Amino acid sequence: MNSRKNVFLSLVLTFAVMLSSVSFGLAVVEEGMFTPDQIDNLNLRKKGLKIRPEEIYNPAGGGLTDAVVRLSVGCTSEFVSPDGLILTNHHCGFDALVSASAPGKDLVETGFKADNRAGEISAKGYSVFVTQRVENVTAQVRKGTESLTADAYSAAIKKNTEDLQAAEQAKAPAGSIIRIQSLNNGFYHYLYQTMQIKDIRVVYAPPRNIGVFGGDPDNFEWTRHTGDFTFLRAYSAPDGTSAEYSPNNVPYKPKKFLTMNIGGIKTDDFVFVLGYPGGTSRYRESQSIEYARDANFPFLASYLDARSAALRQIGETDEEKRIKFQSDIASFDNSRKVFKGGAEKLRNADVVNKRRAEEAQFATWINANPDRQRRYGDVLAQLKQLSEESNADSRRDVIVSRLPNPGLTPVLKQVYDAITTVQQGKTLAQAERAAKIAEIQTAYKDREPVYEREMIEFFLRMFAELPADQKFTAADNIFKSFEGRERRSAEEAFAASIAENDDFDTAEEIVALYGMSASDLRSKYPNIFSFVNALAQERAALTARAGKFGSNIDRVRLLYQQGMAEMKGITPYPDANSTLRFTYGYVKGYSPREAVTYTPFTTLKGMIEKDTGVNPFDVPQKLKDLQRTKDFGRFGSGDSVVVNFLSTTDIIGGNSGSPILNANGEQVGLCFDGNYEGLGNDLYYDANVGRTISVDIRFVLFVTEKFGNAGWILDEMKIVGGPKSMTARAGIN
């Protein structure tokens with residue numbers, strides 16, 4: 001999970017995926033991202049927990065969950081002092097560093113240190129969401145829907161949700177937000193009450209060659225030696241309410257903050273994670289896995305690779321844009337690896353056939369009982385029919401659904417809108433011109449012609465590679481007389497004729513297209529016109545298929561999950577959806593393949609063994625000196641400092657920045673990644689090899705104090721377990 005997770009999170013929530021690897025239940029004890037109200041039922045004391053479950057989550061307040069908050073960029077973070085100090089991942093604070101950077105001042109490269117609170121800088125665009133209340137409201141939302149189907153069922157659920165949400169919002173304290181979310185296609189409905197804190201500032205971030213050490217080559221890999229952490233601080237108005245950035249704001253006083261334990265951990269120690277995992281879909285049908293494996297994931301890996309390459313190309317000749325784009329590049333590279341590895345996992349683990357075998361078992365179970373036949377008899381057939389209709393042209397659909405894209409291909413989007421409007425016989429009234437011009441100017445604000453050209457070329461290559469039964473005819477007609485390199489050259493010219501065409505360079509020129517007739521547009525821009533016209537037809541057909549699928553699938557999938565759960569005799573844990581969750585496991589290595597075994601710890605000594613002096617394996621000289629002199633302070637372990645460790649906890653994108661805590665509820669690390677062998681875990685959980693990679697809290701504090709000379713930050717934290725224990729200045733919990 002190295003690099004920003006925003007793109008990954010937004011994409012993964014749309015995927016059709018599947019049931020967990022073994023069953024719907026808890027066959028593997030470490031599997032599951034549990035809601036807070038489920039913690040008490042997990043029998044955790046027998047599994048190694050030494051504190052009471054209510055010390056983790058207490059509806060009345062005071063539990064550890066009160067300290068764990070959601071970061072607006074799609075990560076988790078946690079309060080670690082009584083004065084609003086926040087710990088999260090370096091890649092989660094990446095955008096804040098980029099926004100404060102400029103040519104000659106690249107804070108990602110150099111890191112950032114505030115010498116005191118007055119020196120803390122604004123994390124522009126950042127906020128945190130504090131969860132104040134979690135409640136299972138499934139019964140209230142489902143009330144009166146028992147006999148309803150299809151659209152009537154959906155409408156009733158929608159009304160019940162809206163009514164309950166409005167009633168609860170009216171009773172909520174000022175500044176609190178109430179939202180009710182559906183989980184597992186309506187298997188559960190939960191109410192969440194949150195408060196947003198809007199003034200977030202950067203306190204300390206290590207330089208690139210600590211915070212992103214190993215870069216993309218080491219991303220999702222073990223062994224790992226990355227100091228992926230950043231300190232932020234939350235500020236509020238003097239009365240404790242949320243406020244926009246102001247010099248008059250004061251450090252926010254959280255109800256709870258975490259204690260750091262530097263006593264160390266060992267193999268097989270019990271650990272648990274609290275956080276906001278972004279999205280899983282482990283309970284879906286075999287057709288969904290097949291779609292992800294064969295269409296969605298392969299396309300997305302190529303798509304993100306193309307986006308990254310295009311931005312790198314621009315940054316090679318423009319330092320300001322290199323700095324600006326580095327966060328996006330890191331995010332695209334990360335997500336590309338996620339989808340590539342996920343597709344490999346689904347193939348190598350034969351997940352589709354495993355799921356089909358469970359469905360065959362489900363069919364046998366249904367047919368053995370008339371009542372089950374009445375309730376679930378059509379479920380598998382309906383899923384098959386809906387999926388076949390929706391996914392018939394899946395490889396073409398994943399391309400068409402992303403064209404045009406207002407952020408990615410802004411010129412194509414504006415030309416598309418103009419041509420399709422004219423094709424429909426509509427015109428742009430004089431009174432509408434000013435608003436349309438303003439709209440286009442906004443769309444063009446961050447336009448990158450080279451980026452758009454490269455991406456249009458990418459989409460054309462994807463169209464060319466489609467199987468014969470899914471061809472995009474318009475593209476084939478444009479380029480049918482070209483082959484090989486000549487076709488590539490023709491595709492490049494066509495892409496340039498859109499992205500770099502002087503006729504489409506300004507808002508006024510785009511608006512002028514609305515005044516032309518369809519025949520004039522066809523005559524002046526024949527290839528563009530035919531391409532856009534065909535694209536519009538394909539998108540209309542795709543929208544119709546998606547609408548039919550969407551109006552039926554939730555109810556069928558709910559029956560599917562209910563039936564599977566009944567067959568297994570269990571209550572399934574909810575899929576992740578960026579809400580507060582708990583997962584537990586053990587510190588443990590793994591064997592990725594025959595004759596290879598990985599131990600669960602890495603050290604600064606091993607980090608230096610990787611040093612090449614060249615990005616991304618360039619260890620800072622001061623770190624080398626600290627290792628050479630063994631100047632570890634109270635954070636050492638043997639002849640070095642532990643950097644990263646593995647655990648069997650079940651996490652996903654969104655858990656970046658989550659605290660990993662020991663059996664006593666003390667923070668021992670910071671989750672920042674999963675391993676390559678565990679990818680695809682949004683779809684399929686493999687307990688044998690799936691691992692969480694965390695940065696050890698001792699390395700976090702060692703770097704901050706000994707390398708960064710920012711020991712003042714540690715002075716406000718509660719630190720226990722080492723040769724010298726420390727206590728926060730005030731408000732110890």
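The values are calculated or read from the model by the stated rules, or taken from the named source; none is laboratory data. Keep in mind that what you see is a predicted model, and the values were worked out from it rather than measured. A quick note on method: Cβ atoms are made from the backbone with ideal geometry, for glycine too, and the neighbour counts reach across all protein chains shown.
Return the total of residues in segment 163-190 being assigned to a loop (DSSP other than H, G, I, E, B) and either over 30 Å from Val556 (Cα atoms) or not assigned by TED's automatic domain parsing to the domain that holds Arg133 (or both).
Selection size over segment 163-190: 4.
Would a scan of segment 673-695 turn up a residue that is assigned to a strand (DSSP E or B) and farther than 26 Å from Gly215 by Cβ?
No, there is no match, as no residue in segment 673-695 is assigned to a strand (DSSP E or B) and farther than 26 Å from Gly215 by Cβ.
Can you tell me which of (1) free of Cβ contacts under 8 Å to residues at least 12 places away in the same chain; (2) buried (at least 19 other Cβ atoms within 10 Å of the Cβ) is the one Leu85 doesn't meet?
(1)
Please work out which one of (1) in a helix (DSSP H, G or I); (2) free of Cβ contacts under 8 Å to residues at least 24 places away in the same chain is the condition Glu491 fails and give its number.
The single condition Glu491 does not satisfy is (2).
So Thr579 fits all but one of (1) in the same structural domain as Thr648 (by TED's automatic domain parsing); (2) of a type in the set (S, T, N, Q); (3) modelled with pLDDT under 95; what number is the exception?
It fails just one condition, (3).
If Ala243 passes every condition in (1) touching a helix residue (DSSP H, G or I) at 6+ places or on another chain (Cβ under 9 Å); (2) in a loop (DSSP other than H, G, I, E, B); (3) under 27 Å from Phe94 (Cβ atoms) but one, which one does it miss?
Condition not satisfied by Ala243: (1).
If you go through segment 483-494 one residue at a time, how many are exposed (fewer than 14 other Cβ atoms within 10 Å of the Cβ) and of a type outside the set (D, E, K, R)? Don't jump to the end; show me each part of the working.
Residues of segment 483-494 exposed (fewer than 14 other Cβ atoms within 10 Å of the Cβ): 483-486, 489, 493.
Next, only the ones that are of a type outside the set (D, E, K, R) stay: 484, 489, 493.
Result for segment 483-494: 3.
For segment 248-267, check the following and say yes or no: at least one residue is within 23 Å of the chain's Cα centre (by Cα), in the same structural domain as Glu716 (by TED's automatic domain parsing) and part of a loop (DSSP other than H, G, I, E, B).
No, segment 248-267 contains no residue that is within 23 Å of the chain's Cα centre (by Cα), in the same structural domain as Glu716 (by TED's automatic domain parsing) and part of a loop (DSSP other than H, G, I, E, B).
Mind checking which residues of segment 495-552 are at pLDDT 95 or above, surrounded by fewer than 14 Cβ atoms within 10 Å (Cβ to Cβ) and among the charged types (D, E, K, R)?
Asp502, Glu508, Asp520, Lys524
Since His225 meets every condition but one in (1) in contact (Cβ under 8 Å) with a residue 24 or more places away in the chain; (2) under 19 Å from Phe79 (Cβ atoms), which condition does it not meet?
(2)
Mind checking which helices (runs of 4 or more DSSP H) fall wholly inside segment 1-81 and carry at least 3 residues that are at pLDDT 50 or above and in the same structural domain as Ile651 (by TED's automatic domain parsing)?
Helices (runs of 4 or more DSSP H) meeting the threshold: 44-47, 53-56.
Please count how many residues of segment 624-647 are buried (at least 24 other Cβ atoms within 10 Å of the Cβ) and part of a loop (DSSP other than H, G, I, E, B).
Selection size over segment 624-647: 1.
Inside segment 271-376, counting only helices (runs of 4 or more DSSP H) that do not spill past its ends, which hold 3 or more residues that are out of contact with any strand residue (DSSP E or B) (no Cβ under 8 Å at 6 or more places or on another chain) and surrounded by 17 or more Cβ atoms within 10 Å (Cβ to Cβ)?
Details: elements: 286-291, 297-315, 319-348, 351-367, 370-376.
Per the criteria, 286-291, 297-315, 319-348, 351-367.
Would you confirm, using the coordinates I've provided, whether Ala438 is among the aliphatic types (A, V, I, L, M) and closer than 26 Å to Gln537 by Cα?
Working: among the aliphatic types (A, V, I, L, M): yes; closer than 26 Å to Gln537 by Cα: no.
No: the conditions fail for Ala438.
Looking at Gly125 and the list (1) modelled with pLDDT under 95; (2) closer than 25 Å to Gly175 by Cβ, which single condition is not satisfied?
Tallying (1) modelled with pLDDT under 95; (2) closer than 25 Å to Gly175 by Cβ, Gly125 fails exactly one: (1).
For the list (1) of a type in the set (Gly, Ala, Ser); (2) buried (at least 21 other Cβ atoms within 10 Å of the Cβ); (3) not in a strand (DSSP E or B), I need the number of the one condition that Gly606 fails.
(2)
Which condition from (1) modelled with pLDDT of 95 or more; (2) surrounded by 14 or more Cβ atoms within 10 Å (Cβ to Cβ) is the one that Ser591 breaks?
Failed condition: (2).
I'd like the full set of residues that are surrounded by fewer than 15 Cβ atoms within 10 Å (Cβ to Cβ) and in contact (Cβ under 8 Å) with a residue 40 or more places away in the chain, limited to segment 439-468.
Gln441, Pro467
Within the bounds of segment 414-424, is there any residue that is part of a helix (DSSP H, G or I), within 20 Å of Glu538 (Cβ to Cβ) and among the small types (Gly, Ala, Ser)?
Start the filter on segment 414-424 by keeping residues that are part of a helix (DSSP H, G or I), which leaves 414-423.
Imposing the further condition that a residue be within 20 Å of Glu538 (Cβ to Cβ) reduces the set to 414-423.
Filter once more, so that each one left must be among the small types (Gly, Ala, Ser): 418.
Yes - at least one qualifying residue is present in segment 414-424.
Conditions first: (1) surrounded by 18 or more Cβ atoms within 10 Å (Cβ to Cβ); (2) charged (D, E, K, R); (3) more than 23 Å from the chain's Cα centre (by Cα). Glu389 passes all but one, so which condition is the exception?
Result: Glu389 fails condition (1) only.
Among the numbered criteria (1) surrounded by fewer than 24 Cβ atoms within 10 Å (Cβ to Cβ); (2) within 24 Å of Gly84 (Cβ to Cβ), which single criterion is violated by Pro254?
(1)
Which one of these is within 36 Å of the chain's Cα centre (by Cα), of a type in the set (A, V, I, L, M) and farther than 20 Å from Arg402 by Cβ: Ile440, Ile419?
Ile440
For segment 57-71, name all the residues that are among the small types (Gly, Ala, Ser) and more than 20 Å from Tyr204 (Cβ to Cβ).
Ala60, Gly61, Gly62, Gly63
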